[in-house]
Amino acid sequence: MPFGLPQTNETIRQAISYAYFKDIIMLAATATCSEDWRTSYPARSNKVIGISSSNGMGLRSRFNNFPPESGDSFMTLGENVEIPCLVSPKSGTSLAAIIAAGLVALILDFGSQNMGNEYARRKLFSNDGIRTLLRSKTQMSYEDYFLIPWKLLDPNQSAEHVWSSMMYALQY
């Protein structure tokens, strides 16, 4: 979700609860420069993975809100992102959330091709499972986990090695 709200929205809260119950993985932008600098909703929900922005070196973007008071805080590239058709690069947690969602989609696609059994699939394809995997395959920067695609899906390793590394991270 490439948006953030200052307050909890009841309709969105109910939709998130339903999606979480159905093991739908949700990511949301933590928003930028809110009045009180708190993580916005729905990124501050424990049922959603909040995504902040970083530069390409893994340093937290200055326009991010503070990390959430509870739960994990993830970040990925969201600063000076070049987008075809646009004259100048764009920045924001919305872009970072979209990039992170693409990375999670790649992980799930890779996992679906290498699933050995139903338990492993259910574990990986859950909000808690993907959060655990992301936490284990990231680099800590400030109070955030910096998502590094080449650490999650290392092109220099065999598919079997990457898969076993994912299963180890999930404690399977």
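The values are calculated or read from the model by the stated rules, or taken from the named source; none is laboratory data. Remember, predicted model here, so these are calculated numbers, not experimental data. With ideal geometry, Cβ positions are generated from the backbone for all residues, glycine too; neighbour counts draw on all protein chains shown.
Tabulated results
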quantity	calculated
Odd one out for Ser17, checked against (1) modelled with pLDDT of 90 or more; (2) part of a loop (DSSP other than H, G, I, E, B)	(2)
Matching residues, the range 20-36, being assigned to a loop (DSSP other than H, G, I, E, B) and modelled with pLDDT under 85	Ala31, Cys33, Ser34, Glu35, Asp36
Filtered residues of the range 118-158 (kept if within 25 Å of Leu77 (Cβ to Cβ), of a type in the set (A, V, I, L, M, F, W, C) and in contact (Cβ under 8 Å) with a residue 12 or more places away in the chain)	Leu124, Phe125, Ile130, Leu133, Leu134, Phe146, Leu147, Ile148, Leu152, Leu153
Tally of residues being free of Cβ contacts under 8 Å to residues at least 24 places away in the same chain and over 19 Å from His161 (Cα atoms) across the range 100-117	2
Matching helices (runs of 4 or more DSSP H) fully within the range 42-160 where at least 1 residues are under 15 Å from Ala29 (Cα atoms), of a type in the set (Gly, Ala, Ser) and at pLDDT below 80	none
Glu79, sole failed condition from (1) among the acidic types (Asp, Glu); (2) in contact (Cβ under 8 Å) with a residue 12 or more places away in the chain; (3) surrounded by fewer than 18 Cβ atoms within 10 Å (Cβ to Cβ)	(3)
Checking Thr39 against (1) modelled with pLDDT of 90 or more; (2) in contact with a Gly (Cβ under 9 Å, 6 or more places away or on another chain), the condition it does not meet	(1)
